[in-house]
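These notes are about the structure you will find just below.
The values are calculated or read from the model by the stated rules, or taken from the named source; none is laboratory data. All figures in this text were calculated on a predicted structure; none of them were measured in a lab. Reconstructed Cβ throughout: ideal geometry from the backbone, glycine too, with neighbour counts over all protein chains shown. For the accessible areas, the whole protein counts, side chains as well, though only heavy atoms, and no ligand, DNA or RNA atoms are used. Shrake-Rupley method; radii C 1.70, N 1.55, O 1.52, S 1.80 Å.
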Amino acid sequence: MTSTKLYAAIYVVLFVMATAQVLIEFANLAYWVAFGVIIVLSFVKALFVAGYYQHLLSEPRSVSFVMLIGLLAALALTLAASYSIT
């Protein structure tokens, strides 16, 4: 059983990463640099949420693998959509 302290720590990490994403928007970085950093932060946040809050770390590896394929497909679609914007 996972402790409440671990969940709280993960929540704080997710909050800090979300705040960093907002600050990157206002940092006047080049579009692709800001986009790349935000995508990486979003990917890491998704791994934290799936691993701990959705309990994929305790699931069989096959279930985690299927979820990872879905996450990578969503990332690929996001990249394709962003390429058509610019």
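In plain terms, the chain from residue 33 to residue 79 could stretch by 15.2 nm, reckoned as 0.36 nm per residue minus the Cα-Cα distance.
Charged neighbours of residue 18, selected by a Cβ distance under 15 Å, balance to 0 (K, R count +1; D, E count -1).
If R0 is 30 Å, the Cβ-Cβ spacing of residue 26 and residue 48 corresponds to a FRET efficiency of close to 0.80. Just the protein heavy atoms count here, and of the accessible area of the chain at 1.4 Å, carbon and sulfur take up 75 percent. Equivalent-ellipsoid semi-axes for the chain (Cα gyration tensor, √(5λ), whole Å, largest first): 27, 19, 6.
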